[in-house]
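The values are calculated or read from the model by the stated rules, or taken from the named source; none is laboratory data. Everything quoted here is computed from the prediction, not taken from an experiment. Every residue, glycine among them, receives a Cβ derived from its backbone with ideal geometry; neighbour counts consider all protein chains shown. Each accessible area value is taken on the protein alone, full model and side chains, heavy atoms only, with ligands, DNA and RNA left out. Shrake-Rupley method; radii C 1.70, N 1.55, O 1.52, S 1.80 Å.
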Amino acid sequence: MTETSISILHKAADLGLQLGLKPPDKLTVESEKRWPRDFAETLRDYKPQLLAILRLPFCMVYSEMLEETIFFCEDEATKASLVEAGADEWSIYTRAELRVLVAHNRVKPLLPDELCKLHAIKRTFHGRIAT
């Protein structure tokens, strides 16, 4: 499997690292423990790509319920950039999609199995959540 910026973010999270951006072009790494020296080389190799995605308005979280990493992002342009960086298109939720889910949840709270089903349908049918 070819490494992507997103796969490197995953690996960093697995190692307990927090990657960040200090303007203009400094990649920061925070860690409470030691991490493999070869991963430092990987970070150097991918620094331009990592800085590019760290500038984007998004949040990457692991969902225990879905048993996968999902992304919350600002808009379709950010979503396209995340996909280009290696994220699975169907694991990304835009602000507009989240607004629909929150509005629905206010009327009738979504149960965990309903959220899982909704996520699976989105993936299976290449869908979007809309009003």
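On the stretch given as region 5-44, residues that are closer than 24 Å to ASP88 by Cα and among the β-branched types (Val, Ile, Thr) total 3. When ILE6, ILE53, ILE70 are checked against the criterion of being in contact with a helix residue (DSSP H, G or I) (Cβ under 6 Å, 6 or more places away or on another chain), closer than 28 Å to PRO112 by Cβ and either at pLDDT 95 or above or of a type in the set (S, T, N, Q) (or both), a single residue qualifies: ILE70. Residues that are closer than 30 Å to LYS26 by Cβ, modelled with pLDDT of 95 or more and open to solvent by 40 Å² or more (accessible area, probe 1.4 Å) do occur in region 91-107. The helices (runs of 4 or more DSSP H) falling completely within region 29-129 that include 1 or more residues that are over 22 Å from LEU19 (Cβ atoms) map to 76-84, 95-107, 112-124.
Of the residues making up region 1-28, those that are of a type outside the set (Asp, Glu) and outside any strand (DSSP E or B) number 17.
In this structure, GLU32 qualifies as at pLDDT below 95, over 30 Å from GLY127 (Cβ atoms) and not aliphatic (A, V, I, L, M).
Restricting CYS73, CYS59 to those that are surrounded by 12 or more Cβ atoms within 10 Å (Cβ to Cβ) and of a type outside the set (Asp, Glu) reduces the list to CYS73.
Of the residues in region 31-48, none is open to solvent by 40 Å² or more (accessible area, probe 1.4 Å), free of Cβ contacts under 8 Å to residues at least 12 places away in the same chain and within 14 Å of the chain's Cα centre (by Cα).
Within region 1-13, track down each residue that is under 14 Å from the mean Cα position of the chain (by Cα) and either loosely packed, with under 10 Cβ neighbours inside 10 Å or among the basic types (Lys, Arg) (or both). First the steps, then the outcome.
Of all residues in region 1-13, those under 14 Å from the mean Cα position of the chain (by Cα) come to 4-13.
Within region 1-13, just LYS11 meets the criteria.
Evaluation of LEU19 against the conditions (1) under 20 Å from LEU82 (Cα atoms); (2) open to solvent by 100 Å² or more (accessible area, probe 1.4 Å); (3) of a type outside the set (D, E, K, R) shows that the sole unmet condition is (2).
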